[in-house]
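Down below is the structure, laid out as structure tokens.
The values are calculated or read from the model by the stated rules, or taken from the named source; none is laboratory data. Keep in mind the model is a prediction, meaning the values are calculated, not measured. Virtual Cβ from ideal backbone geometry, glycine too; neighbours counted across all protein chains shown.
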């Protein structure tokens, strides 16, 4: 016989889940007793940061990632970050403690009264096992579901007195040894039909989404674009947390605007729109217009049946994105069409004081290493960063698809822990920092050498931009005077410096990236949205 704890940790080992992100409470301590030497525990000082770090780690590592939260209050603190993880398709296995079984019915203190409903609708599956002996099987099921397409978080509530209960060896072994594979190959007839449509189109376009990167399909997307000489756009910026195509490639044409009418205008003249690895589309703000240009058709390839079903237009092939693109490359003929002019080279623009967001991103590009990774949560500078850096290596860009603030700072620590040999730069606004500020402590405690670039504009610039679009005037709460992010980071043990010019910024970033420890560079930037 083996205990529930022993069987569960053997299950975690079998799935490579030996790094746990957590913030322990009294109901979680029994799970953590006798902590194994081959496991790492990454402490977050608040549960939203815990989930954010795990989100970044799961995406960058490509593995299911274990999260441990504190019963109902801890799960409640984490809900916004779980929303982000769902949007990011991050395979998190979230556990939380529960009162001892004899005290649940009487709702003793710290009882999660309805644990299985609390995380809905933000998880793929939520469960509290009816018997202690069922905990390993429930954790196995949560792991399989988290990693099956579409990937996403799952949740298991475990009463604190379950961990010492014994489980029959064969029952425990069955939970540990099971494997579930979920990469589906597209119908060959559908791929062949799509190939013929691509060949017959006069002006087709490829829209590359985050699941191209997540599925390992970059090479296939590039091969298809080059074989068919396709112009390539990225999906609207708020809709995807990863890049599906190298943005320095001559076929790349930029990022689609994030609204219905402007997307159709941008794609005017295209007769076939092929969307790979993304929903169609994640629009915001609402600017109405035709869903597609006149005489255009759309085909999406997605591993997510819900993405396929909810799209307002077009057709869809539900299958693994990488495998589908590879099959399409093999099926389609070479084309001699002209994909059009490449994007112009990025420029910094005129020197100003304070510098513009564009100039700040140009300075970052000057210091950014070839193998660098960006984790971004600076909404007003998102497009400027994309245009200036032209990131062209897979697994090098992470952005919160859900749009909830607090992701960037925490996720950067998780990404760095998953990618210890690559430099990670977190580009974040001073307002966004405050949602996950304790992530500074976790970076220092875990010796994660993230470089934090804080763009200080003393306002929520993105909200002022939205207020103009939405015709809102006089709204309160959009200014952020007096936030001293560098001083806060210093208090957590992060080396910090403030700069004012583009040259100073470039030099400070180069030094911070080379330092091999958590460092912060803060620069004041002019208010406004920066698109180039």
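Any chance you could count how many residues in region 145-171 are farther than 16 Å from residue 27 by Cβ and either surrounded by 20 or more Cβ atoms within 10 Å (Cβ to Cβ) or in the same structural domain as residue 401 (by TED's automatic domain parsing) (or both)?
Total satisfying the criteria: 9.
For region 214-252, which positions are under 20 Å from residue 91 (Cβ atoms) and touching a strand residue (DSSP E or B) at 6+ places or on another chain (Cβ under 8 Å)?
217, 240, 241, 242, 243, 244, listed by residue number.
Among the residues that make up region 463-470, is at least one of them assigned to a loop (DSSP other than H, G, I, E, B), under 25 Å from residue 384 (Cβ atoms) and in contact with a strand residue (DSSP E or B) (Cβ under 7 Å, 6 or more places away or on another chain)?
As a first pass, look at region 463-470 and keep what is assigned to a loop (DSSP other than H, G, I, E, B): 470.
The next check asks that each one be under 25 Å from residue 384 (Cβ atoms); those that pass are 470.
Narrowing the set further to residues that are in contact with a strand residue (DSSP E or B) (Cβ under 7 Å, 6 or more places away or on another chain) leaves none.
Looking for residues that are assigned to a loop (DSSP other than H, G, I, E, B), under 25 Å from residue 384 (Cβ atoms) and in contact with a strand residue (DSSP E or B) (Cβ under 7 Å, 6 or more places away or on another chain), one finds none in region 463-470, hence no.
Out of (1) surrounded by 18 or more Cβ atoms within 10 Å (Cβ to Cβ); (2) more than 30 Å from residue 87 (Cα to Cα), what's the single condition that is false for residue 311?
Residue 311 satisfies all of (1) surrounded by 18 or more Cβ atoms within 10 Å (Cβ to Cβ); (2) more than 30 Å from residue 87 (Cα to Cα) except (2).
Could you list, in sequence order, the residues of region 253-264 that are in contact with a strand residue (DSSP E or B) (Cβ under 7 Å, 6 or more places away or on another chain) and either buried (at least 24 other Cβ atoms within 10 Å of the Cβ) or at positive phi (or both)?
Within region 253-264, just 254 meets the criteria.
Residues in region 498-532 that are under 23 Å from residue 447 (Cα atoms) and surrounded by fewer than 16 Cβ atoms within 10 Å (Cβ to Cβ): how many?
Matching residues across region 498-532 total 5.
What pairs come up if the first residue lies in region 481-510 and is without any contact (Cβ under 8 Å) to a residue 60 or more places away in the chain and in the same structural domain as residue 450 (by TED's automatic domain parsing), the second is surrounded by fewer than 16 Cβ atoms within 10 Å (Cβ to Cβ) and in a loop (DSSP other than H, G, I, E, B), and their beta carbons are under 8 Å apart, counting only those six or more places apart or on different chains?
Listed pairs, sorted by first residue: 495/515; 495/517.
Quick check on residue 324: is it buried (at least 20 other Cβ atoms within 10 Å of the Cβ), assigned to a helix (DSSP H, G or I) and modelled with pLDDT of 90 or more?
yes
Are there strands (runs of 3 or more DSSP E) fully within region 393-458 with at least 1 residues that are under 17 Å from residue 514 (Cα atoms)? List them.
424-429, 451-456
Give me the residue from region 464-487 that is in contact with a helix residue (DSSP H, G or I) (Cβ under 9 Å, 6 or more places away or on another chain) and crowded, with 18+ Cβ neighbours inside 10 Å and, out of that set, modelled with the lowest pLDDT.
464
Residues in region 265-306 that are part of a helix (DSSP H, G or I) and buried (at least 22 other Cβ atoms within 10 Å of the Cβ): how many?
Total meeting the criteria: 0.
Considering each of 113, 63 in turn, give the residue that is outside any helix (DSSP H, G or I) and either modelled with pLDDT of 95 or more or buried (at least 23 other Cβ atoms within 10 Å of the Cβ) (or both).
From the options 113, 63, the qualifying one is 63.
Of everything in region 357-383 that's within 16 Å of residue 506 (Cα to Cα) and within 19 Å of the chain's Cα centre (by Cα), which residue is surrounded by the most Cβ atoms within 10 Å (Cβ to Cβ)?
So the residue we want is 374.
Among the listed residues 48, 7, identify the single one that is outside the structural domain of residue 241 (by TED's automatic domain parsing), closer than 19 Å to residue 140 by Cα and in contact with a helix residue (DSSP H, G or I) (Cβ under 6 Å, 6 or more places away or on another chain).
On the way: 48 fails: closer than 19 Å to residue 140 by Cα.
It is 7.
Do you know which of the residues in region 327-354 that are surrounded by 15 or more Cβ atoms within 10 Å (Cβ to Cβ) and assigned to a helix (DSSP H, G or I) is farthest from the chain's Cα centre (by Cα)?
331
Can you tell me which residue is nearest to residue 161 (Cα to Cα) among those in region 96-110 that are touching a strand residue (DSSP E or B) at 6+ places or on another chain (Cβ under 9 Å) and assigned to a loop (DSSP other than H, G, I, E, B)?
Checked region 96-110; the qualifying residue nearest to residue 161 (Cα to Cα) is 100.
State whether one or more residues within region 182-202 are within 30 Å of residue 286 (Cβ to Cβ) and modelled with pLDDT of 95 or more.
Looking for residues that are within 30 Å of residue 286 (Cβ to Cβ) and modelled with pLDDT of 95 or more, one finds at least one in region 182-202, hence yes.
Which residues, taken from region 172-196, are in contact (Cβ under 8 Å) with a residue 60 or more places away in the chain and either exposed (fewer than 13 other Cβ atoms within 10 Å of the Cβ) or part of a loop (DSSP other than H, G, I, E, B) (or both)?
177, 183, 184, 185, 186, 187, 188, listed by residue number.
Testing residue 442 on (1) at pLDDT 95 or above; (2) surrounded by fewer than 24 Cβ atoms within 10 Å (Cβ to Cβ), one condition comes back false. Which one is that?
(2)
May I ask you to list the residues in region 270-288 that are more than 13 Å from residue 208 (Cα to Cα) and modelled with pLDDT of 95 or more?
270, 271, 272
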